[in-house]
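The values are calculated or read from the model by the stated rules, or taken from the named source; none is laboratory data. This is a predicted model, so every value here is computed, not measured. For neighbour counting, all protein chains shown are included, and Cβ atoms are generated from backbone atoms with ideal geometry for every residue, glycine included. These accessible areas exclude ligands, DNA and RNA; they are computed on the full protein's heavy atoms, side chains included. Shrake-Rupley method; radii C 1.70, N 1.55, O 1.52, S 1.80 Å.
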Amino acid sequence: MTPQQIEVALERILPRVAKPGRYTGGELNQVVKNWDEIDYKVAMAFPDVYDIGMSNLGWMVHYDIINKHRNLLAERVFCPWDDMEAAMRERNMPLFSLETKHPVRDFDLLGITLPYEQLFTNVLNLLNLAGLPVRAADRDASHPLVVAGGHACYNPEPMAPFIDVFVIGEGEEALLEIIGTMRAAAHLDREAQLRHVAQIDGCYVPRFYDVAYHPDGTVAAITPNVPEAPPRILKRIVPVLPPPVTDFIVPFVQTVHNRAPIEIMRGCTHGCRFCHAGMVTRPVRERPVEDVLSAMQTIIEKTGYEEIALMSLSSSDYTHVLELTEEVGRRFGHLGINLSLPSLRIETVSTQLMDNLGDGRRTGFTLAPEAATEKMRNIINKHVTHEELLETAREIYRRGWRTIKLYFMIGHPMEEMSDVEAIADLSRQVLAEGRRFHNNQAAVNAGVSTFIPKPHTPFQWEAMGRMEDIRDKLGYLIREFRRPGLKLSWNDPDESVFEGILTRGDRRLAEVVERAWRKGARFDAWFDHFRCDAWYEAMAEEGLDPAFYSHRQRSIDEIFPWEHIDIAVTRRYLTKDYLMSQRQETRVDCREHCFACGILPKLKDLRRETPDEAWKCPPVTKVVNRQARRSVKSPAS
Ligand code: SF4
């Protein structure tokens, strides 16, 4: 079908599907270029529906960077919802881009953002709807090159047969280098093209690696099978954060986050042992205050958004967070812009910062203690005292917030029932703080998720908690939270098990992913779509034991399926930190004391190319925020 035929077909379909605005394109700030004038065309796909994808900053950054190049174009592609998929399959209508309705197979490259494992089956469905063979081995140079990037690619093995190239780490520069290489190699066959791409730093071409297994099923070796493929793929780090996106496309459909995000800082150095993002996004790099403010100005002018989110893994650690939020108030306060800082750390959120967050809608304030006892917080290396937690809650309620959202995890290593009971106790104590100011208007919403050991973290050796224990603990919390002012939400433990299997899976799981997809699994991140049965059947049919992946303690010297993926943080550092957790020993934030995690030597190499002072490791600032916290303690406390 041509773009014109797709347009015509859409006229007939859209009146009969939910949220037709997901498929129309034509929004403010979309970029439409003349195909006849452009050398290389990229379909930028987020493998979920429009409402989710349009709020993903990582995907937007790449759309923006490519379209800033005069001779390149990027157009958006999302997964159609069930009703639209049925209508498309009925008409044999290929998946298309929103900007010009070109079928995906007309593009030179299909870029897929892969932030989490629950999107794996959607990727296969997306390839299939585009009329592309789902396996890379069945595609050739006449097909778009399929490139994936994002946090779920730090263990790419369960998706290895479906993707031509994985970008390990930050893609802002690597994607442009891949495009440059593919344009220069356009005359070659796919194999030859990929041999060139395999030499780009951070690019992993899985077909050039063979995996061998021990009789017990653990990995024995991962070996390159062509000279161009390096034994280990070092993640890409961009020395300086790229210019922030400002021309956000203003969606026609309500999206999960109806706001404009600005990344103020990348990386975090607190070293929480369960936190994948905290390990893979090192080192910390901060965006200058003036860059953030001028981006806000442009966003307000170009989009009309009323809320702007200052994004990072821990925004209260941003060196100039007080100066920035004060200046935002001064420059934009009169416009009634809502400022949100999605992730504030209990240890570094100051009362001054709370005050700076203005008189906007004080819907809820989020804190993430993750565990309710100091023993457990030491084990996970989230060292905040009980008193600090209650004091922070008190100051939040004193300033007018009536609801505090608390995030916890259950199933952590060495967790006892008393640690779970403490979650209910702590939530009641926080509520009591709230009632001092708001009586029964005060509320505590607790979110509980099941701990999932993640690759490249100190807990990568751990087994998940036994499901019957998890269910017992969840049952206890559900009963304890049936009280006025308390609310509990939780993740489905079964879904967490499958994330746990896929996140530490090996290449044999790719067969399971494909089988589950052929059985109808898709939109696995949506609780009403997650097909647990299809996944278990697929595992059984492949003769694989789910517990081998999710509930097996790894030996300290086991070779991991992701052993060839180098995040620059060394195995030696992770092993040491893991053993410290077993002794309940903590590490301070490495902004205060460097623990030589391995990033520094890698930075030295990079520094040779970019002698820019913008990024140091450790950055110098944490101490400042702690002082701010202490100095403005309110007189009443
Ligand atoms: S090199 Fe040191 S300061 Fe930098 S992230 Fe690693 S431990 Fe922290």
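Identify, from the list Ser427, Ser449, the residue that is of a type outside the set (Asp, Glu) and in a strand (DSSP E or B).
On the way: Ser427 fails: in a strand (DSSP E or B).
On inspection, the qualifying residue turns out to be Ser449.
If you go through segment 174-196 and keep only what is closer than 27 Å to Gly267 by Cα and either buried (at least 19 other Cβ atoms within 10 Å of the Cβ) or in contact with a Phe, Trp or Tyr (Cβ under 6 Å, 6 or more places away or on another chain) (or both), you end up with Ala174, Leu175, Ile178, Ile179.
Okay, residues lined up against (1) under 24 Å from Glu462 (Cα atoms); (2) touching a residue at least 24 places away in the same chain (Cβ under 8 Å); (3) open to solvent by less than 10 Å² (accessible area, probe 1.4 Å); (4) touching a Lys or Arg at 6+ places or on another chain (Cβ under 7 Å):
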| position | (1), (2), (3), (4) |
| --- | --- |
| Pro231 | no, yes, no, no |
| Arg236 | no, yes, no, no |
| Pro243 | no, yes, no, no |
| Val253 | no, yes, no, yes |
| His257 | no, yes, no, no |
| Pro261 | no, yes, no, no |
| Ile264 | no, yes, yes, yes |
| Arg287 | no, yes, no, no |
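For segment 303-317, the condition of being surrounded by fewer than 17 Cβ atoms within 10 Å (Cβ to Cβ) and hydrophobic (A, V, I, L, M, F, W, C) holds for none of the residues.
Within segment 386-417, if we keep just the residues that are open to solvent by 10 Å² or more (accessible area, probe 1.4 Å) and part of a helix (DSSP H, G or I), the residue that is farthest from Ser316 (Cα to Cα) turns out to be Met417.
Looking at this structure, is Ile163 over 29 Å from Leu28 (Cα atoms) and either among the acidic types (Asp, Glu) or in contact (Cβ under 8 Å) with a residue 24 or more places away in the chain (or both)?
In short, yes.
Taken over segment 166-199, the criterion of being touching a residue at least 60 places away in the same chain (Cβ under 8 Å) and part of a helix (DSSP H, G or I) is satisfied by Gly171, Glu172, Glu173, Ala174, Leu175, Leu176, Ile178, Ile179, Met182, Arg183.
Scanning segment 525-544 for residues that are in contact (Cβ under 8 Å) with a residue 24 or more places away in the chain and either more than 23 Å from Asn122 (Cβ to Cβ) or within 25 Å of the chain's Cα centre (by Cα) (or both) turns up Ala525, Phe527, Phe530, Cys532, Trp535.
In the condition set (1) closer than 18 Å to Ser55 by Cα; (2) within 17 Å of the chain's Cα centre (by Cα), Thr303 is compliant with all but (2). Of the residues making up segment 486-512, those that are touching a residue at least 40 places away in the same chain (Cβ under 8 Å), under 30 Å from Ala442 (Cα atoms) and not polar (S, T, N, Q) are Leu486, Lys487, Leu488, Trp490, Pro493. Screening Ile38 against (1) crowded, with 20+ Cβ neighbours inside 10 Å; (2) farther than 30 Å from Pro455 by Cα; (3) in contact with a strand residue (DSSP E or B) (Cβ under 9 Å, 6 or more places away or on another chain) leaves a single unmet condition, (1).
Could you check segment 488-501 and list, in sequence order, the residues that are open to solvent by 20 Å² or more (accessible area, probe 1.4 Å), out of contact with any Cys (no Cβ under 7 Å at 6 or more places or on another chain) and farther than 16 Å from Asp425 by Cβ? Lay out the reasoning, then the answer.
Our first condition is that a residue be open to solvent by 20 Å² or more (accessible area, probe 1.4 Å); within segment 488-501, this holds for 488-492, 494-495, 499.
Retained after the next criterion (residues that are out of contact with any Cys (no Cβ under 7 Å at 6 or more places or on another chain)): 488-492, 495, 499.
Matches in segment 488-501: Ser489, Trp490, Asn491, Asp492, Glu495, Glu499.
Looking only at segment 418-447, which residues are closer than 30 Å to Tyr573 by Cα and surrounded by fewer than 23 Cβ atoms within 10 Å (Cβ to Cβ)?
Of all residues in segment 418-447, those closer than 30 Å to Tyr573 by Cα come to 419-420.
Hit for segment 418-447 is Asp419, nothing else.
Cβ-Cβ below 6 Å, separation at least six or inter-chain, first residue in segment 417-428 and of a type in the set (D, E, K, R), second buried (at least 16 other Cβ atoms within 10 Å of the Cβ): which pairs? Pairs found: Asp419/Thr373; Asp419/Met376.
The residues in segment 578-602 that are of a type in the set (A, V, I, L, M, F, W, C), under 15 Å from Val284 (Cβ atoms) and near the ligand (Cβ under 9 Å from one of its atoms) can be counted, and the count is 6.
Looking only at segment 257-276, residues that are modelled with pLDDT under 95, away from the ligand (no atom under 16 Å from the Cβ) and either within 19 Å of Ala152 (Cβ to Cβ) or within 15 Å of the chain's Cα centre (by Cα) (or both) come to 1 in all. Only residues that are assigned to a strand (DSSP E or B) and small (Gly, Ala, Ser) were counted in segment 69-116, giving 2.
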